[in-house]
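The values are calculated or read from the model by the stated rules, or taken from the named source; none is laboratory data. What you are looking at is a predicted structure, and each value in this text was computed from that prediction instead of being measured. Don't worry about glycine lacking a Cβ; one is built from the backbone with ideal geometry, like all the others, and counts go over all protein chains shown.
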Amino acid sequence: MGSWKSYLHRRRKAFGYAFAGIGRLIKGEAHARLHVVSAILAIAFGLWLGIDRWEWVAVIICIGGVFMAEAFNSAVERLADRVTSDFDPLIGEAKDLAAGAVLLFSIATLIVAAIIYIPRLITLFIS
């Protein structure tokens, strides 16, 4: 039974570290705070416009994906900065690639939002 308690304790600690990482992301990264505002707006628009279940699935996956990409980008930046403070072209490329991943997911998210919200807004304001 002691090993089960130990296992649960380790899992609880692991979740604590993960939540601390989310907190660091939101507190320490300006872009992450912008994503929080965007997520709140996306959820508010979804509630206001009455999007359906599968549209909610797409919105939630997009929100989670953007935060995940931003977290990976921040992790790459921190690790790279820890390795060296000197200019290194490969580290610069790694940082650019990570930032590009965030941008790509953000663009895809904007397209999904446009597909879901624009027809409803047009119907709302034209009808």
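Tally time: how many residues in region 49-100 are part of a loop (DSSP other than H, G, I, E, B) and surrounded by 14 or more Cβ atoms within 10 Å (Cβ to Cβ)?
Pass one, region 49-100, residues part of a loop (DSSP other than H, G, I, E, B): 50-52, 84-88.
Next, only the ones that are surrounded by 14 or more Cβ atoms within 10 Å (Cβ to Cβ) stay: 51.
Residues meeting the conditions: 1.
Considering only residues of region 62-101 that are farther than 30 Å from ILE43 by Cα and among the acidic types (Asp, Glu), which is farthest from the chain's Cα centre (by Cα)?
Restricting to residues being farther than 30 Å from ILE43 by Cα and among the acidic types (Asp, Glu), the top hit is ASP86.
Looking at region 1-18, I want the residues that are surrounded by 10 or more Cβ atoms within 10 Å (Cβ to Cβ) and modelled with pLDDT under 90 and have a partner that is assigned to a loop (DSSP other than H, G, I, E, B) and of a type outside the set (Ser, Thr, Tyr) with Cβ atoms under 6 Å, at least 6 apart or on another chain. Which pairs are those?
none
Just to be sure I understand the filter: pairs with C-beta atoms under 6 Å, separated by 6 or more residues or on different chains, first member in region 72-85 and touching a residue at least 60 places away in the same chain (Cβ under 8 Å), second member surrounded by 12 or more Cβ atoms within 10 Å (Cβ to Cβ) and in a helix (DSSP H, G or I). Which pairs pass?
Taking only residues 6 or more apart or on different chains, not a single pair turns up.
Being among the small types (Gly, Ala, Ser), surrounded by 12 or more Cβ atoms within 10 Å (Cβ to Cβ), under 19 Å from the mean Cα position of the chain (by Cα) and under 17 Å from ILE22 (Cβ atoms) is the requirement here; does GLY46 meet it?
no
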